[in-house]
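**Q** Supplied in structure tokens, the structure appears directly below.
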Amino acid sequence: MGGSMLYQVLEPLPDRASALLTARTLLDRFGEGDPDDVSLDFLQIATREQFEHARQYFAHGAFNCSEKDLRSPGIAQTWRTLRSLGFLESEPGWVDTRLEPELAALWPLPHRANFMLTRGSIPSTFPVRDSDWYTEEEIDDAVEACGPLSLDVSWSSALRGLPAAKLCGVQLCLNSSWTGTGPEPDPGVHTVYLSIGTRNPEEVALDWLGRTGLRFGQGLWGW
């Protein structure tokens, strides 16, 4: 979506349902009209628990790393294990796999190795489809089903009272948090952010945030 400034709303979010409710309340309170875009993404699988849960809904995934990290002893060993299980690289640093139960033993993964769920192989029974736009019912289903999985949902919407609307909206991160480069898995932590874009002057944006009556974390470069 480009670059924006994200401000975490410092509210207690003990579970997925309360985090989703907070995000929607902010959208209702500050958004102008219907969102321009709604996106949803599952993040990398960071724990064995997440992998085991994902097997209920996903059939395939991919181990990946940069080419230079293939020389790391830990990653090299992981790739040898994958080859022994019959999974071969489709390109350097990328191994497509089925979500076989024996793969769970590979967690925790070595540093700089990732495992992503591949959306194109989602069974038809899973509530989320491969699309850039999701209905609120589909978001409800995804949040209900995601369990320990890390899930990122964003609503792109003009925010009432801010002069520039580009890249504004609400961001919901379940079992994840924003690091400044993107949402990262953070099991057990749920976060909600207001995105104020980059076209609103800093003094205007900070004044607007102050008038919301909410508490915010430090601004982070985001989507």
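The values are calculated or read from the model by the stated rules, or taken from the named source; none is laboratory data. Note that the structure is a prediction, hence the values are computed from the model and not measured. Neighbour counts run over all protein chains shown; Cβ positions are idealised from the backbone, glycine included. With ligands, DNA and RNA removed, areas are computed over all heavy atoms of the protein, side chains included. Shrake-Rupley method; radii C 1.70, N 1.55, O 1.52, S 1.80 Å.
**Q** Would you be so kind as to identify which of 219, 171, 106 lies farthest towards the positive end of the dipole of the chain, taking Lys and Arg as +1 and Asp and Glu as -1 on Cβ and the Cα centre as origin?
**A** About the Cα centre, the residue reaching furthest to the positive side is 106.
**Q** Here is a further query. In debye to the nearest 20, how big a dipole does the chain give about its Cα centre with +1 on each Lys and Arg Cβ and -1 on each Asp and Glu Cβ? Write out the running numbers ahead of the final one.
**A** Working: 18 positive and 31 negative charges, 127 e Å.
Result for the chain is approximately 600 debye, rounded to the nearest 20.
**Q** Going by average Cβ neighbours within 10 Å, how do the peptides 148-159, 10-21, 58-69 rank, with the highest at the top?
**A** Values: 148-159: 22.3, 10-21: 15.2, 58-69: 16.8.
Final packing ranking: 148-159, 58-69, 10-21.
**Q** Shifting gears a bit: For segment 41-180, what's the relative contact order in percent, using C-alpha pairs closer than 8 Å and at least 6 residues apart? Mind showing how you got there, number by number?
**A** Numbers: 190 pairs, mean separation 43.5, N = 140.
Computed over segment 41-180, the figure is 31 percent.
**Q** While we're here: When you count, for each residue, the other Cβ atoms within 10 Å and take the mean per peptide, how do 175-186, 201-212 rank with the highest first? Intermediate results must be reported in sequence, preceding the final value.
**A** Values: 175-186: 17.8, 201-212: 13.8.
Answer by packing, highest mean first, reads 175-186, 201-212.
**Q** Quote the relative contact order of segment 21-106 in percent (integer), defining contacts as alpha-carbon pairs under 8 Å separated by 6+ residues.
**A** Reported relative contact order: 33 percent.
**Q** Give the shape of segment 1-47 as rounded, prolate or oblate, defined through the alpha-carbon gyration tensor: a ≥ b ≥ c are the square roots of its eigenvalues, a/c under 1.5 means rounded, and otherwise the shape is prolate if a/b is larger than b/c and oblate if not.
**A** Details: a/c = 1.67, a/b = 1.17, b/c = 1.43.
Judged from the Cα gyration tensor, segment 1-47 comes out oblate (a/c at least 1.5, b/c at or above a/b).
**Q** Still on this model: Per residue, how much accessible area does segment 1-131 show when a 1.4 Å probe rolls over the protein heavy atoms, in square angstrom?
**A** Numbers: 6920 Å² over 131 residues.
Heavy-atom accessible area per residue stands at 53 Å².
**Q** Related question: Quick one: pull the percent of accessible area on segment 143-223 belonging to carbon and sulfur, 1.4 Å probe, ligands and nucleic acids left out.
**A** Numbers: 1600 of 3220 Å².
Using a 1.4 Å probe with all protein chains present, segment 143-223 comes out at 50 percent carbon and sulfur.
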